[in-house]
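**Q** Have a look at this one.
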Amino acid sequence: MQENPPPLRWPSGARFRPTPETLARSFEDRIVLVHMNTDKIHVLNRTAARLWELACSGIERAAIQEKLSSEFEVAEAELADEVDRMLTALADGNFLEPLE
């Protein structure tokens, strides 16, 4: 059985923005992302949608985790892994990119 590789550890000061090709629309407590060049669609649940909003606001990765920790009940180590996993998935899908 193949295990998922560990998530990329984004630096605490990393900041992000949506790629120019990404269209985001809110529907109730979800956000739907569409990559206009590839027609890839990604539906974010409530927690991932909040991460998206925070990442798109330009705050640092550490602040994203801090805000999510105050808003959702989750163990800190688990949250750190999930934040990195989600940021990596969004970057790999070309929905989100790190700021230089």
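The values are calculated or read from the model by the stated rules, or taken from the named source; none is laboratory data. What you see is a predicted model; the values in this text were computed from it and never measured. As a convention, Cβ positions derive from the backbone with ideal geometry for all residues, glycine included, and neighbour counts pool all protein chains shown.
**Q** When residues of region 86-100 are filtered for being among the β-branched types (Val, Ile, Thr) and assigned to a loop (DSSP other than H, G, I, E, B), how many remain?
**A** Number satisfying all stated conditions: 0.
**Q** Shifting gears a bit: Among the residues of region 56-65, write down those that are in a helix (DSSP H, G or I) and over 11 Å from the mean Cα position of the chain (by Cα).
**A** Within region 56-65, ALA62, ALA63 meet the criteria.
**Q** Quick one: would you say GLU97 is of a type in the set (Asp, Glu) and either surrounded by 15 or more Cβ atoms within 10 Å (Cβ to Cβ) or in contact (Cβ under 8 Å) with a residue 12 or more places away in the chain (or both)?
**A** yes
**Q** Taking into account only those residues within region 26-62 that are among the basic types (Lys, Arg) and touching an Asp or Glu at 6+ places or on another chain (Cβ under 9 Å), which is surrounded by the fewest Cβ atoms within 10 Å (Cβ to Cβ)?
**A** ARG46
**Q** Of all residues in region 1-25 being among the polar types (S, T, N, Q) and at pLDDT below 95, which is nearest to LEU96 (Cα to Cα)?
**A** SER12
**Q** State the number of residues belonging to region 66-85 that are more than 15 Å from ALA48 (Cβ to Cβ) and not in a helix (DSSP H, G or I).
**A** 2
**Q** Continuing with this model, one more query. If a residue must be under 26 Å from GLU100 (Cα atoms) and either exposed (fewer than 15 other Cβ atoms within 10 Å of the Cβ) or of a type in the set (Asp, Glu) (or both), how many such residues does region 63-84 contain?
**A** Residues that pass the stated criteria total 4.
**Q** Could you look through region 48-78, keep only residues that are at pLDDT 95 or above and of a type in the set (Val, Ile, Thr), and pick out the one that is farthest from PHE16 (Cα to Cα)?
**A** Filtering region 48-78 for residues that are at pLDDT 95 or above and of a type in the set (Val, Ile, Thr), the one farthest from PHE16 (Cα to Cα) comes out as ILE64.
**Q** Would you confirm, using the coordinates I've provided, whether SER26 is part of a helix (DSSP H, G or I) and farther than 17 Å from ALA91 by Cβ?
**A** No.
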